[in-house]
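Written below as structure tokens is the structure these notes are about.
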Ligand SMILES: Cc1ncc(C[n+]2csc(CCOP(=O)(O)OP(=O)(O)O)c2C)c(N)n1
Ligand SMILES: Cc1ncc(C[n+]2csc(CCOP(=O)(O)OP(=O)(O)O)c2C)c(N)n1
Ligand SMILES: [Mg+2]
Ligand SMILES: [Mg+2]
């Protein structure tokens, strides 16, 4: 007997919507809260239809106050609910920083496991959609350094649905970052039913022999483009790894790949200094020092605020830079 | 003709106090503001005597609101003043995160240089003084990744005075972190008059041949202890470098040292994952790959919140661990 | 609290004046100038929406319907005072002397868009909601410390009242009795979220009671009521009598931004109704007609002038030189750090462009 | 606003009862029990200060003088309700069923110090000022969603009213009409900063007006006034009639913590004067004496019982097993991540200790 899984082509935003609908239907303690997530269906339509389906007690338009959203989510979570809290843009998470840093992530340890706050914080993020200032920040490194929270970044609909469901199921706080450029950039086949993808596992997007390129989120787009081009132009074979979870990172996959290729490049959109690249580099250093044939390369954002949109294409790492870095690494 | 510089033995907290007094006397636009900095002289006595000397218009007891303190400091700074704003403990900077991340650090760029906010944010930090929860955080990495702010960490009175004066003079925002354990841990000779130490320059605390140990703040204490011990116990010579400024980092000193010793260890108190060590490692990778004889070692805090004080000595990197790491590196 | 904070009005919907309101303090020329300023703002707004539809500018934030609130408040300031706008307050900044070209550049994602002409103290518009309130308190405090009589005027919406910075800004201002005017435009919505979901109160003015701050509620579509209320608050501030919280009750006719679809969350017929009733320009038109001060030739001339001004600005905007890479790097610090300098060098090497 | 928010009092300094205040709603046994609870709290506080001086515990946070506010409010709760204390509210948590041993362990820097006995809903004390207010709103909201009649009671000081989270917590509570009681202990100081520098208002109660929230001001040293005010607020919350903000005006006799020197910022003779006048225990003593309900043998017996209880707790505290390394690592996540697991392994390798 074979069970046939119903598949459907979805954009990433649809996958996210579907994941929330799935979990809302399954567990009556799941709540969705945030600014404009209810009646309006979210500024990106991530919560479209949920208000109509699950009602105002479960899909909650909150006041415009991020600290209040996370702070009350903590109270709700400790007292039995499972809030999926939306920050309208990642750049507006900063007012909630204190609640996340000192409470959401610490209440479990502080109470020796008695109280837990398994909140999922969703946030659209990254540059490239011509959004105003602050809307385009990609500060995932602030959270990978924060003890007590997992950080997840899908890059397509399939991963988004499976990872978001897993994040809701996870008994720990999870920051779920949604690259805005990926929201509608591709449609992939996604099972209509529930499935999960384990947190902490990277995906090998493309196998290769000469260099390992580590990236995530929207930078998978530039990276795949660069790799396609350079493989056509030169006799070089690149492995592309989408990390998907930034904390905890998939050490084994990183190590295995670098030990195979002997070279590594990390691509991310956030400013280079202090970015997550430093941690990927540490993993490589710790696991694969003797395998490295050239210094680890980085192609990252500049050490500057993400600019207003007339200049954002200058800011975003380009396929050209990625190719140059691959070239540098190979010919070291 | 010789000018004799008057010297005085000072603790670090005295050096800090002296630096503020110096700048308050020199520039009437300098203000000191924060919780309990006025009448009370600060919970660590950093501002002792300043209220009496400069009065309530310049030494300002503010309401208990970090975002308000930084937010009004920005308004004051753009409109001509030079606020030195105290966060009572570094762990209480989080409510001000939005103001620092989206305004203090961006107003210059946003206005193409028209408006600037050269605020100095002072904060006692780090573990080891038996303070309650949250008081002991060492999250400097959140700020080294933040474009538009410099991050300074003195470890003794001489550096503290010279660096703080330079920070007040600096036309950019500066985060000035004061390791609480260093406040009164040593007394050193400090010139009574004004002097400055350039930001971005590390100090070689001890020269050595076999390994470069990079650290800052209170971890200089453990590091010097470990190095003294291991050099007695074994035939090994360690170079110890106190980075002092974490952004921008002193690339040249780091590179020169690693290129000399061929080995590197980074010691910091903050959680390992995503810590500033990642950036030091990047600098080494970028500048000195071919010189490295063994993987870069790290001795850091765990990926956990700094614990309540009964366990903080378990948390703080110990000389023993530092010695082990040196050993590992040498015998790789 | 509605009874404690009645909506102050001078000019009603029919353009009739409240006889007790002291309209004699203002000349007919001034009133006609107000009409001009509002018309100018409205025509620019309408043009901008069109430009967005034509793809000549990016996402645009409309203010149509809020002209009385913005123009009336801005007109109560003097040069040298400080203004702290949001993304929606270009009617205010325009009135206070911002450059029309730069305002248009703003919607092209140009950094110059945030910059007013030299000597005019306008902050770049605050994007993080309510974050500008402490800045306004701080800048006003600086003026007080210097002993000047300059003041701060800060704009924010109904949604902004929910943020912690609203509270901290007001508290600092009241504790230090700084010369700041907190001017709220209550347009009833924060994107899709109506005031009733944003707060449990029927007024925003009453929030001043928690700070023992002067506070009042005015008809934000009545430019005379707005102007006098702000003027009074500004004068109080200049005299060292402390800050004020003003609520101007208004309405945005259109979407939150051109990327928003208001039909998702409200019945847009309400906007259509208001265009015929509470509209700030219509009301002044009625008044001027009642007073026999309305001439079609006069408005026609105004329109023509304004349209010319807009066309000129638009042309300047479209001919404005491409953004320079230096905007990315040059002003993050006074002098680029070495990491930024290396990034510049690498970037230029790839781009092969002049810096 | 002082006139709008008179200080509600039932028992005056002479221990005389306000005849209109409905003291008949409470039995003399209950009042005597209040005396016992306050005495218990005070003796524990005094002992703790001594222990700190002897180096048997670390820095300690006193509450002496605030017993009526804390005990009276805590006594108005029922089991199953939620309590959100600060670092200074152990008289409240003790009254609500916290373990005395654990409270003492807290001052040894022990994580167990934050944990109440199973089944008693007390949050670990909040260290970041005002951050607990949104938690209380959230937990109360959860009860409302479940349709229970449980409520949240949250403690915070005068200084806490300046933080953004104070505002956001109250706003969420009022928008969603959750069953929460916001109980402010206005002890006049935030470390060295007096109320006059913290806010421009003379009352904290009036801050409820900005949320259309029930609010009142009570004599925080009058346990009966506190008890009845909180009881009323709690009942209102249970009935689904929404949240309340209460200001209990009180005073801490001692330093902010044992690490603080109050002589730097205030004249401590004020505290000495208050011990003879407004003291919460003295006042009840006077009342009981006036009523002929005071017997020296009764208080002596109480003291003895309490001292025994304290000695036992102290002994348990001192004999409590050393902290286990697992406390560091085991509860950051439900299961340690690999980075933490590697760190555990390395750490144990160095320490050679059992995990
Ligand atoms: C801190 C923060 N959170 C969220 C947003 C996203 N956002 C932009 S405008 C807006 C609504 C603002 O409403 P209101 O204050 O009433 O002003 P209006 O837009 O109506 O003028 C929101 C939620 C933001 N800009 N900043
Ligand atoms: C966010 C934050 N900022 C600063 C502090 C340091 N701090 C601890 S207690 C205190 C004063 C609190 O005053 P109040 O709210 O009146 O409570 P009280 O201590 O008088 O009970 C301060 C500033 C802190 N704990 N949290
Ligand atoms: Mg609005
Ligand atoms: Mg207090």
*Looking only at the range C:230-276, which residues are within 14 Å of another protein chain (Cβ to nearest Cβ), under 20 Å from residue C:174 (Cα atoms), more than 14 Å from ligand 3 (Cβ to nearest atom) and not in a loop (DSSP other than H, G, I, E, B)?*
C:244, C:245
*Looking only at the range D:146-184, count how many residues are more than 10 Å from chain C (Cβ to nearest Cβ) and touching a helix residue (DSSP H, G or I) at 6+ places or on another chain (Cβ under 8 Å).*
18
*Which numbered condition residue B:258 fails, given (1) more than 22 Å from the chain's Cα centre (by Cα); (2) buried (at least 22 other Cβ atoms within 10 Å of the Cβ); (3) not in a helix (DSSP H, G or I)*: (3)
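Hey, could you check the range A:63-83 for residues that are outside any helix (DSSP H, G or I) and more than 7 Å from every other protein chain (Cβ to nearest Cβ) and say which is surrounded by the most Cβ atoms within 10 Å (Cβ to Cβ)? Step through it out loud before you land on a result.
Here is the first cut: in the range A:63-83, the ones outside any helix (DSSP H, G or I) are A:63-65, A:79-83.
Filter once more, so that each one left must be more than 7 Å from every other protein chain (Cβ to nearest Cβ): A:82-83.
Details: A:82: 21, A:83: 28.
Top of the filtered list is A:83.
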_Odd one out for residue D:192, checked against (1) within 14 Å of ligand 2 (Cβ to nearest atom); (2) surrounded by 24 or more Cβ atoms within 10 Å (Cβ to Cβ)_ = (2)
_residue D:221 away from ligand 2 (no atom under 13 Å from the Cβ), within 14 Å of chain B (Cβ to nearest Cβ) and in contact with a helix residue (DSSP H, G or I) (Cβ under 7 Å, 6 or more places away or on another chain)_ = no
*Scan the range A:1-30 residue by residue and report those that are farther than 26 Å from residue A:55 by Cβ and without any contact (Cβ under 8 Å) to a residue 60 or more places away in the chain.*
A:1, A:2, A:3, A:4
*Just to be sure, is residue C:345 within 24 Å of residue B:110 (Cα to Cα), part of a loop (DSSP other than H, G, I, E, B) and within 14 Å of another protein chain (Cβ to nearest Cβ)?*
no
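Consider residue D:76 carefully, then state whether it is assigned by TED's automatic domain parsing to the domain that holds residue D:152 and either within 16 Å of ligand 4 (Cβ to nearest atom) or part of a helix (DSSP H, G or I) (or both). Walk me through it before giving the result.
Details: assigned by TED's automatic domain parsing to the domain that holds residue D:152: yes; either within 16 Å of ligand 4 (Cβ to nearest atom) or part of a helix (DSSP H, G or I) (or both): no.
No.
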_Search result, residues across the range C:310-328 that are more than 14 Å from chain A (Cβ to nearest Cβ) and surrounded by 15 or more Cβ atoms within 10 Å (Cβ to Cβ)_ = C:310, C:313, C:314, C:316
*Residues C:88, C:53, C:40: which one is over 16 Å from the mean Cα position of the chain (by Cα), touching a residue at least 12 places away in the same chain (Cβ under 8 Å) and assigned by TED's automatic domain parsing to the domain that holds residue C:139?*
C:53
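Of all strands (runs of 3 or more DSSP E) completely enclosed by the range A:108-184, which ones contain at least 3 residues that are more than 12 Å from every other protein chain (Cβ to nearest Cβ) and either in contact (Cβ under 8 Å) with a residue 40 or more places away in the chain or within 21 Å of residue A:315 (Cβ to Cβ) (or both)?
Once the strands (runs of 3 or more DSSP E) in the range A:108-184 are filtered for at least 3 residues that are more than 12 Å from every other protein chain (Cβ to nearest Cβ) and either in contact (Cβ under 8 Å) with a residue 40 or more places away in the chain or within 21 Å of residue A:315 (Cβ to Cβ) (or both), what remains is A:120-125, A:174-179.
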*Could you list, in sequence order, the residues of the range A:279-327 that are in a helix (DSSP H, G or I), without any contact (Cβ under 8 Å) to a residue 60 or more places away in the chain and within 12 Å of chain B (Cβ to nearest Cβ)?*
A:281, A:282, A:283, A:284, A:285, A:286, A:287, A:288, A:289, A:290, A:291, A:311
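Just to be sure, is residue B:34 on the phi > 0 side of the Ramachandran plot and in contact (Cβ under 8 Å) with a residue 40 or more places away in the chain?
Considered against the rule, which asks whether it is on the phi > 0 side of the Ramachandran plot and in contact (Cβ under 8 Å) with a residue 40 or more places away in the chain, residue B:34 comes out as yes.
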*Within the range A:81-90, how many residues are under 25 Å from residue B:93 (Cβ atoms) and touching a helix residue (DSSP H, G or I) at 6+ places or on another chain (Cβ under 7 Å)?*
2
*May I ask you to say which residue of D:200, D:171 is away from ligand 4 (no atom under 16 Å from the Cβ) and surrounded by fewer than 23 Cβ atoms within 10 Å (Cβ to Cβ)?*
D:200
*Residue match in the range C:118-133 (condition: free of Cβ contacts under 8 Å to residues at least 40 places away in the same chain, touching a strand residue (DSSP E or B) at 6+ places or on another chain (Cβ under 9 Å) and assigned to a helix (DSSP H, G or I))*: no
*asked:* Checking the conditions here, which among A:52, A:28, A:57 is in a helix (DSSP H, G or I) and at negative phi?
replied: A:52
*If only one of B:143, B:176 is closer than 18 Å to residue B:14 by Cβ and touching a strand residue (DSSP E or B) at 6+ places or on another chain (Cβ under 6 Å), which one is it?*
B:176
_Among (1) surrounded by fewer than 19 Cβ atoms within 10 Å (Cβ to Cβ); (2) in a helix (DSSP H, G or I), the one test that residue A:204 misses_ = (2)
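The values are calculated or read from the model by the stated rules, or taken from the named source; none is laboratory data. What you see is a predicted model; the values in this text were computed from it and never measured. Positions of Cβ are backbone-derived with ideal geometry, glycine not excepted, and every protein chain shown enters the neighbour counts.
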